[in-house]
Amino acid sequence: MGSSEDKFKRYIYVIVPIEVMLGLAYLVVCFIAIINWYLGIIGAGEILYPNYVPGDLGVSLVMLSIGFLMILSVYYWFRRKIVKSLAAIILGLGLAVAAMVMQVLVTTASWLDSIIVNEPITYEELMLGFLRADALLGYIALPLLYVSLRILKKTIITQ
Amino acid sequence: MMPLAYAREGSLVRVSAIRAGKGLYRRLHELGIVEGKILRVVKTQGPGPVIIEIVNNASYVYGRVPCPYCPIATGGRLLLGFGVAMKIMVEEVKSP
Amino acid sequence: MTNEDKRARIALAGIPNVGKSLIFNRLTGGRAWVGNWPGVTVEKKVGTLRVNGVEVEVVDLPGIYSLTAYSVDELIARNFIVEEKPDVVVCIVSAINLERGLYLALSLLELGANVIIDLNMVDLAEKEGYRINHKKLESIIGVPVIPTIAPIGRGIDKLKEAIGKAIHEEKVQIRIVDYGRIVEEAISKIEEVVKDLAPELTEKYPARWIALKLLEGDSDIIDKVSKLPVGKEIIDKANQLREILKEKIGDPESYIVERRHERVSEIVKTVVERAAVPRVSMTDLLDSILTHKVVGIPFALSAIYLLFRFAFEVSTPLVDLVDVTINGYLHDLVLEIHSLPEWFTSLLADGIIAGIGAILVFLPVIAFFFLGFAVLEDVGYMARVAFLVDRVFHKFNLPGKAVIPLIIGFGCNVPGVMAARGIEDENERKTTALIAPLASCNARLPVYLVIGGAILGTMAGFAILSLYVLSIILALIVGLLLRRILFKGASTGFIMELPPYMMPRLDNVTIKTWERTKRFLFKAGTVIFLATVIVWLLSVTGPGGYLGPEALEDPHLIRESWVGVLGRSLSSTIFSLMGWDWKAAVALFFGFIAKEIVVSSMAILYGVGEEKLMDVIAESQTFTPLTAYAYMAFVLIYVPCLATLAMIRNELGLKYAILALIYEILLAYIVSLSIIGIGSVLGFS
């Protein structure tokens with residue numbers, strides 16, 4: 001396969017550590033989100049990293065899925081199940097981007113909303129929305145997804 | 001001979017019998033699942049619902065290098081529920 | 001027939017999911033007239049095409065797999081071809097589903113139709129790693145084969161040309177399948193008898209086809225033949241031969257079907273050419289994870305969560321836009337018109353405008369929900385979800401496919417019930433239609449938010465989540481009970497096509513979204529509108545006469561209105577066990593008409609605008625956390641809204657609509673009382 005094989009190797013040795021770190025990051029966020037949710041239930045007042053991680057079970061589920069898929073990808077790689085490994089990383093990154101897009105859309109929507117009901121929100125509040133953990137990690141995931149898809153197209157995939 | 005629900009993932013099987021009532025029998029026939037047909041088991045939650053492909057052997061090969069003899073799916077993919085997969089009896093085949 | 005009057009007619013046939021609708025649009029330029037096939041609720045689409053100066057009528061036949069007498073769709077297609085005798089039948093075959101498509105094509109040829117084959121989606125076959133030699137196919141099968149790629153319009157011109165040509169040149173291939181010596185002998189014998197005794201029949205149907213169908217035991221043909229004076233003789237002869245065949249080759253019908261499939265396989269083998277290097281397709285890649293029973297589930301749940309997020313949170317500006325302009329600005333504006341009598345402006349503002357506002361306020365969420373769902377559907381992911389849940393659903397005697405109407409039901413029950421049509425097995429279909437109303441639709445959410453927010457405080461979110469989970473669990477349990485008691489019968493099984501993953505297509509997605517949103521808007525919408533006006537009427541009048549619009553803002557006046565009277569009698573009787581006061585009872589009563597009304601009725605009853613409602617309820621101490629939760633559960637379960645009931649009646653009949661009504665009220669009582677009972681025992685009161 002010539003140079004595409006080298007590209008493949010390069011991809012693997014650079015991307016894999018990134019995958020692991022990103023996957024762990026997502027799992028950590030998930031964990032914090034669950035703790036925050038619990039703190040919210042018992043009315044504890046202060047939550048961890050309130051600017052970044054909401055106390056939302058749904059968010060924790062998505063973070064868990066993404067992190068799980070990324071770690072799974074590495075696991076499959078070492079088990080020599082290439083197809084499954086690539087599938088896992090594509091889906092993990094894809095879900096990460098989807099979650100990010102959703103968060104961006106929601107923040108934009110709330111900005112529009114503030115105009116409509118005439119309760120203007122501050123720049124800081126807006127930024128909080130765009131810089132929430134699921135969005136932040138998603139910004140990192142986006143270029144990774146693009147790169148992975150490009151490489152995939154050239155080496156393995158027919159469509 | 002075993003129910004399709006127990007077939008090995010990735011294997012090729014031949015339909016040996018269909019043990020179903022008339023309604024299901026007809027629907028399967030319509031869709032091309034008849035006795036003697038060869039299917040590839042794409043995915044199975046074994047035992048459980050099954051995704052199959054109806055395969056065929058194309059005879060002419062185009063391109064530079066003739067590829068190993070492998071049947072390709074020409075009948076589309078079908079998802080068969082657990083109940084249905086239990087009623088289709090198959091045998092594994094080595095080469096179609 | 002085309003004489004000099006320059007008019008021709010063609011039909012489009014094909015199995016489901018081959019791109020027939022798109023081809024229809026490409027041929028007719030999207031100008032179509034939609035109606036029904038006579039006597040049935042199956043949609044009929046007709047358009048026109050101009051080719052070679054001739055105006056051609058294009059009839060879209062329903063998507064079918066073959067031409068048996070076992071399904072309404074197939075009979076419609078068959079009868080159309082035989083009676084209306086279209087000049088050409090374009091059989092659209094998908095290149096990636098060649099076997100099934102060709103089976104239909106052969107069936108059409110045997111019927112004596114003038115067929116041309118449109119080989120669509122050739123680009124997708126290329127991606128899967130093979131090509132179809134259409135010239136070879138043309139020479140084997142004897143009719144024109146035109147490759148096309150519908151989404152980009154490639155090949156459509158050639159298709160139009162071929163149609164134009166075929167209108168004048170008829171190519172008929174009745175003997176396309178050879179059934180073997182024994183059966184062919186039987187066929188010729190019956191052919192002779194039919195030609196002798198009933199030649200007028202052979203003007204409609206080819207004699208060979210009649211013979212085949214008689215041997216297959218086709219109920220429609222047997223019926224038609226037996227109605228002829230000479231019918232008995234023909235049928236006896238056919239039965240005689242059937243018996244003989246049974247001994248020699250087994251069931252004739254199965255044999256004939258199998259032989260036809262064999263012929264298809266032979267043809268496919270000759271015309272398909274595979275690429276030299278086998279590669280992995282994207283679909284296989286993604287499916288290796290998405291259909292994995294462990295890994296696929298968290299992904300599916302996440303996807304559904306994101307869908308809900310999209311529907312509820314991204315649509316907020318639109319919702320508030322509606323609220324501010326209609327329920328706020330317009331409403332207040334009308335009330336300021338002092339030149340009209342007070343009761344009239346109140347009717348306009350609090351009745352009519354409020355009614356329209358009530359519908360439109362839900363519209364964005366529902367539209368967004370269906371939009372997201374349609375995208376997931378078009379990509380092909382929903383089929384995988386059905387696969388994942390099938391194992392679980394099977395334990396409840398339901399097909400995995402039933403998960404789709406349930407998810408749609410989370411948006412609005414009305415299209416949810418309608419979506420149950422997609423389930424083939426009759427018993428399973430009826431069961432699914434009856435449990436779809438248990439899905440916690442969008443209209444119930446405001447009730448949860450207001451009551452939960454007011455009484456349950458921080459636990460509200462969790463409580464709401466638990467209600468959604470409860471709705472699924474109840475749907476499954478009730479489904480099982482219905483399957484065991486009422487709709488018994490081993491399921492004929494769950495079979496679903498698994499299309500390759502594709503980029504979602506804008507036209508498909510918009511059509512699907514609009515179809516479902518339309519149901520909400522027009523069916524549920526009219527009911528909601530009427531209900532709001534009725535509530536208004538019953539609030540401003542009472543046994544003592546007209547009370548005036550002040551009643552809408554004054555809790556003491558409201559007690560004297562019909563609404564108040566009704567509420568007090570309800571709460572002191574049937575709702576007394578649950579400890580809900582008369583205002584809650586009235587809201588429930590109106591919720592029967594449309595669950596969207598519950599919150600707005602409560603607002604009227606407490607005499608406040610909806611923004612202040614939460615605080616007022618919290619202060620009034622009419623609920624304890626336990627009774628509040630029980631109330632929310634009751635709203636979840638009790639009676640399908642009127643529009644949903646109408647849909648159930650439409651799909652299943654009056655009997656089952658009444659059944660749905662009764663079982664849901666009973667279930668709602670049982671669950672609410674249990675919640676209160678168990679809660680009290682656990683010390684929650």
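The values are calculated or read from the model by the stated rules, or taken from the named source; none is laboratory data. Not measured: the values here are computed from a predicted model. Methodologically, a virtual Cβ is constructed for each residue, glycine included, from the backbone with ideal geometry; neighbour enumeration extends over all protein chains shown. Surface areas here come from the heavy atoms of the whole protein model, side chains and all, with no ligands, DNA or RNA. Shrake-Rupley method; radii C 1.70, N 1.55, O 1.52, S 1.80 Å.
What does the accessible area of A:Phe130 come to, in Å² to the nearest 10, when a probe of 1.4 Å is used?
50
Just to confirm my numbers, what's the Cα centroid distance between the stretch C:453-467 and the stretch C:576-616 in Å?
Spelled out, the Cα-based centre of one part sits 18 Å from the other.
Quick one: what are the phi-derived ³J(HN,Hα) couplings along the stretch A:116-129, Karplus 6.51/-1.76/1.60 with θ = phi - 60°, whole Hz, x for glycine and proline?
3J(HN,Hα) across the stretch A:116-129, in whole Hz: 5, 8, 6, 10, x, 9, 7, 4, 4, 4, 4, 4, 4, x.
Would you mind pulling out the separation of the Cα centroids of the stretch A:76-131 and the stretch C:11-78, in Å?
Spelled out, the Cα-based centre of one part sits 43 Å from the other.
Relative to the longest principal axis of chain C, what angle (0 to 90°, nearest 10) does the C-alpha long axis of helix C:582-591 take?
Value to nearest ten degrees: 20.
Could you size up the charge dipole of the stretch C:192-330 around its Cα centre, putting +1 on the beta carbon of Lys and Arg and -1 on that of Asp and Glu, and report it in debye to the nearest 20?
Roughly 380 debye for the stretch C:192-330.
Which whole-Hz couplings ³J(HN,Hα) result when phi for each residue of the stretch C:37-46 is put into the Karplus expression 6.51 cos²θ - 1.76 cosθ + 1.60, θ = phi - 60°, listed in order with x for Gly and Pro?
Per-residue couplings from phi come out as 5, x, x, 9, 9, 8, 6, 10, 10, 10 Hz.
Given a cut-off of under 8 Å on Cα pairs at least six residues apart, what relative contact order in percent is computed for chain A?
24
Full-extension gain between C:Asp178 and C:Val34, please, as 0.36 nm times their residue separation minus the C-alpha to C-alpha distance.
Full extension of this stretch gives 47.9 nm more.
Taking a probe of 1.4 Å and counting only protein heavy atoms, give the total accessible area buried between chains B and C in Å², rounded to the nearest 100.
Its buried surface, counting both partners, is about 4600 Å².
Counting each DSSP H run of 4 or more residues in chain C as -39500 (n - 2.57), what helix-only mean residue ellipticity at 222 nm follows after dividing by all residues, to the nearest 500 deg cm²/dmol?
Helix-only estimate at 222 nm: -18500 deg cm²/dmol.
Sort C:514-524, C:640-650, C:161-171 by packing, meaning the average of other beta carbons within 10 Å per residue, with the highest value first.
Most protected by this proxy first, the peptides run C:640-650, C:514-524, C:161-171.
Mind pulling the angle between the C-alpha long axis of helix C:252-271 and the longest principal axis of chain C? Nearest 10 degrees, somewhere in 0 to 90.
Taking the Cα atoms of chain C, the angle to C:252-271 is about 80 degrees.
Multiply the residue gap between A:Ile18 and A:Tyr123 by 0.36 nm, knock off their C-alpha separation, and tell me the result in nm, one decimal place.
34.6 nm
Out of the DSSP beta bridges found with both residues in the protein assembly as shown, what percent are antiparallel (nearest 5)?
65
For a quick check of understanding: with a 1.4 angstrom probe and all protein chains in place, what accessible area in square angstrom does C:Tyr329 have, to the nearest ten?
Here the residue's solvent-accessible area equals roughly 150 Å².
Only counting protein heavy atoms at a 1.4 Å probe, give the residues of the stretch C:366-392, ordered by number, whose accessible area falls by 30 Å² or more when the other protein chains are present relative to the chain alone.
Output list: C:Phe387, C:Asp390, C:Arg391.
Determine the share of the stretch C:139-259's accessible area contributed by carbon and sulfur atoms, expressed in whole percent, with a 1.4 angstrom probe.
49
Under 29 Å Cα to Cα from C:Lys595, which lysines show up? Leave out anything in the same chain fewer than 8 places away.
Within reach: C:Lys401, C:Lys430, C:Lys512, C:Lys518, C:Lys523, C:Lys583, C:Lys612, C:Lys655.
With a probe of 1.4 Å, find how much accessible area the protein assembly as shown has per residue, and write the answer as a whole number in Å².
42
Angle between the Cα long axis of helix C:181-197 and the longest principal axis of chain C, 0 to 90 degrees, nearest 10?
Its long axis makes an angle of about 90 degrees.
Checking a compactness column here: for the protein assembly as shown, what do you get for Rg(Cα) / (2.2 N^0.38 Å), N being the number of residues?
For the protein assembly as shown, the normalised Cα radius of gyration comes out at 1.05.
Under unit Cβ charges (Lys, Arg +1; Asp, Glu -1), what dipole magnitude, rounded to 20 debye, does chain C have relative to its Cα centre?
Result for chain C is approximately 1260 debye, rounded to the nearest 20.
Give me the one-decimal nm value for the distance between modelled label points at C:Tyr468 and A:Tyr38, 7 Å along each residue's Cα-to-Cβ direction.
Label-label distance for C:Tyr468 and A:Tyr38, simple model: 2.2 nm.
Just the number, please: carbon plus sulfur as a percent of the accessible area of the stretch C:369-494, 1.4 Å probe, no ligands or DNA/RNA counted.
70
What ranking do C:579-586, C:565-572, C:309-316 get when scored by the average of other Cβ atoms within 10 Å per residue, highest first?
C:579-586, C:309-316, C:565-572
Using the Karplus curve 6.51 cos²θ - 1.76 cosθ + 1.60 with θ = phi - 60°, what ³J(HN,Hα) values do you get for each residue of the stretch C:55-71, in whole Hz, with x for Gly and Pro?
Per residue, the Karplus-derived 3J(HN,Hα) values read 8, 10, 8, 10, 10, 8, 7, x, x, 9, 9, 7, 10, 7, 9, 7, 9 Hz.
Just the number, please: carbon plus sulfur as a percent of the accessible area of the stretch A:16-159, 1.4 Å probe, no ligands or DNA/RNA counted.
Solvent-exposed carbon and sulfur of the stretch A:16-159 make up 72 percent of the total.
With a 1.4 Å probe and every protein chain left in place, tell me how much accessible area C:Glu192 has, in Å² to the nearest 10.
120
Tell me the net charge near B:Pro3. Cut-off is 9 Å between Cβ atoms, B:Pro3 excluded, with +1 for each Lys or Arg and -1 for each Asp or Glu.
Summing Lys/Arg as +1 and Asp/Glu as -1 gives +2.
If r is the Cβ-Cβ distance from C:Ile665 to B:Ser11 and R0 is 56 Å, what FRET efficiency results, to the nearest 0.05?
After rounding, the FRET efficiency stands at 0.60.
For chain C, what does the relative contact order come out to in percent, with C-alpha contacts under 8 Å and a separation of six or more?
9
Could you give the dipole magnitude of the protein assembly as shown about its Cα centre, charging the beta-carbon of Lys and Arg +1 and that of Asp and Glu -1, in debye to the nearest 20?
Computed about the Cα centre, the dipole is about 3340 debye.
To the nearest 100 Å², how much accessible surface do chains A and C cover up together, summed over both, with a 1.4 Å probe?
Heavy-atom accessible area buried at this interface is about 3400 Å².
At R0 = 45 Å, how high is the FRET efficiency between A:Leu142 and C:Val46 if r is their beta carbon distance? Nearest 0.05 is fine.
Using R0 = 45 Å, I get an efficiency of 0.45.
Work out the charge dipole of the stretch C:118-239 with +1 on the Cβ of Lys and Arg and -1 on the Cβ of Asp and Glu about the Cα centre, then indicate which of C:Ile149, C:Pro206, C:Ile167 is farthest towards its positive end.
C:Ile149
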